[in-house]
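Chemist: Before I ask anything, here is the structure I am working with.
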Amino acid sequence: MFKYSLDNKRYHTLNYYYKNKYHQKVFKVSLNAGFSCPNKVNGPGCIFCSLKGSGDFAGDIQDDLVTQFNKVKEVMTRKWPNSLYIGYFQANTNTYAPTNILQEKYETILNLPNVVGLNIATRSDAITDETLDYLTELNTRTDLTIELGLQSIHERTLKFINRGHTLENFTYMVYKLANRNIKVVVHIINGLPNESKEDMIKTVQYLNNLPIHGIKIHMLHILKDTPLHKYYQTHPFHILTKDEYIDIVTEQLEYLRPEIVIHRITGDPKQEDLVAPTWLLKKFCVLNDIDKSLKEKDTYQGAKVPMLITNSYKDKL
């Protein structure tokens, strides 16, 4: 059995990480704190981003944060009555505000019973030095994780998807956070237009050599009323099949250090918003097929990693 798994999986599951750390059930509660995004303020935003700022499963913006939190908690408590919770600030860019506003929103969730941490989704170009100082202090009081979107290491792709920042900017922020001992989870997307399997493998190989704590692997999906949807209507491009995606993910896992936590390995878009690919709607089938692929190939996360990186990052700044 793979070292970092409790259920015979061959990659480092988030379930293992939480149970090993807290010895009980831990849930992330997705929240919409009403933040905007600098990439939308200064332009059209990333071409794949939904109207809800990639927070389609976050809370209802009409509710305050405590109400959003409690609605999810009530559902989870029925099934797992003694759970712990991570407040997940998911929608849009959750450091894109003055520090005093961030403090008000973050502390509101941290003050709730059984909340042991925060996951904050943001961008590498939206963390000021003042915010970084606050996050550093916050990290001494709670289980803090910063989630940074990247999607691809290839500059041509970043320009095509209108990412709004460079790989250099992203990498610099990863090291700045790591030097403050703040955990970083990175989002990537497989199947972006004009990227080959080799391109996608190179993205994880690059990230494997950075001081990241976790990764979220997404399959590109086209949502209604997004710039990507409009582009796809006029410039149809190849969308990965399920088998292609599974093959790519299986190999990507081989190039990731075993201690990197896999927070997500496929997406689960809302059916009413999804244009393509429809096979994504069967999330558990995708997960099961990834498990089967790893077993059939007798491989596992980290199988192709030649060595671990060091824990010293200061020389990178």
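Taken together, the values in this text are just the output of simple stated rules run on the coordinates, not laboratory data. Keep in mind that this is a model prediction, so the values were computed, not measured. Quick reminder, even Gly has a Cβ in these numbers, built from the backbone with ideal geometry, and neighbours come from all protein chains shown.
Chemist: So which of Lys73/Lys197; Lys3/Lys25; Lys3/Lys224 end up more than 29 Å apart by C-alpha? Before the final figure, lay out each step's value.
Modeler: Working: Lys73/Lys197 40 Å; Lys3/Lys25 19 Å; Lys3/Lys224 41 Å.
Exceeds cut-off: Lys73/Lys197; Lys3/Lys224.
Chemist: Additional query: How many angstrom lie between the C-alpha centres of segment 8-41 and segment 173-192?
Modeler: 14 Å
Chemist: Pairs of alpha-carbon atoms within less than 8 angstrom and 6+ residues apart define the contacts here; what relative contact order does the chain have, in percent?
Modeler: With pairs under 8 Å counted, the relative contact order is 18 percent.
Chemist: Per residue Cα convex hull volume for segment 187-285, in cubic angstrom? Write out the running numbers ahead of the final one.
Modeler: Numbers: hull volume 10.2 nm³, N = 99.
Output value, Cα hull per residue: 103 Å³.
Chemist: Please report the antiparallel percentage of the DSSP beta bridges confined to the chain, to the nearest 5. Intermediate results must be reported in sequence, preceding the final value.
Modeler: Numbers: 2 of 35 bridges.
About 5 percent, rounded to the nearest 5.
Chemist: Excluding Lys73 itself, calculate the net charge of residues whose Cβ lies under 12 Å from the Cβ of Lys73, where each Lys or Arg counts +1 and each Asp or Glu counts -1.
Modeler: For residues surrounding Lys73, the net value is +3.
Chemist: Would you kindly state how much longer the chain becomes between Thr128 and Asn194 on full extension, computed as 0.36 nm times their sequence separation minus their alpha carbon distance, in nm to one decimal?
Modeler: 20.4 nm
Chemist: With N set to the residue count of segment 110-228, report its C-alpha Rg divided by 2.2 N^0.38 Å to two decimal places. Walk me through the numbers before you get to the answer.
Modeler: On the way: Rg = 15.4 Å, N = 119, 2.2 N^0.38 = 13.5 Å.
The reported ratio for this selection is 1.14.
Chemist: Would you mind counting up the charge near Val286? Only other residues with Cβ under 13 Å from its Cβ, with Lys and Arg at +1 and Asp and Glu at -1. Write out the running numbers ahead of the final one.
Modeler: Working: positive: Lys242, Arg264, Lys282, Lys283, Lys292; negative: Asp243, Glu244, Asp247, Asp268, Asp289, Asp291.
Every neighbour counted, the sum reads -1.
Chemist: Taking the Cα centre of the chain as origin, work out the dipole magnitude from +1 charges on Lys and Arg Cβ and -1 charges on Asp and Glu Cβ, in debye rounded to 20.
Modeler: Computed charge dipole of the chain: roughly 580 debye.
Chemist: Using every pair of alpha-carbon atoms in segment 1-141, split the distances into 5 Å bins beginning at 0 and state the percent of pairs per bin, rounded to integers.
Modeler: Percent of Cα pairs in each bin: 2, 9, 17, 19, 18, 16, 11, 6, 2, 0.
Chemist: Same structure again: Computed on alpha carbon atoms, what radius of gyration and Dmax characterise the chain, expressed in Å?
Modeler: 18.8, 52
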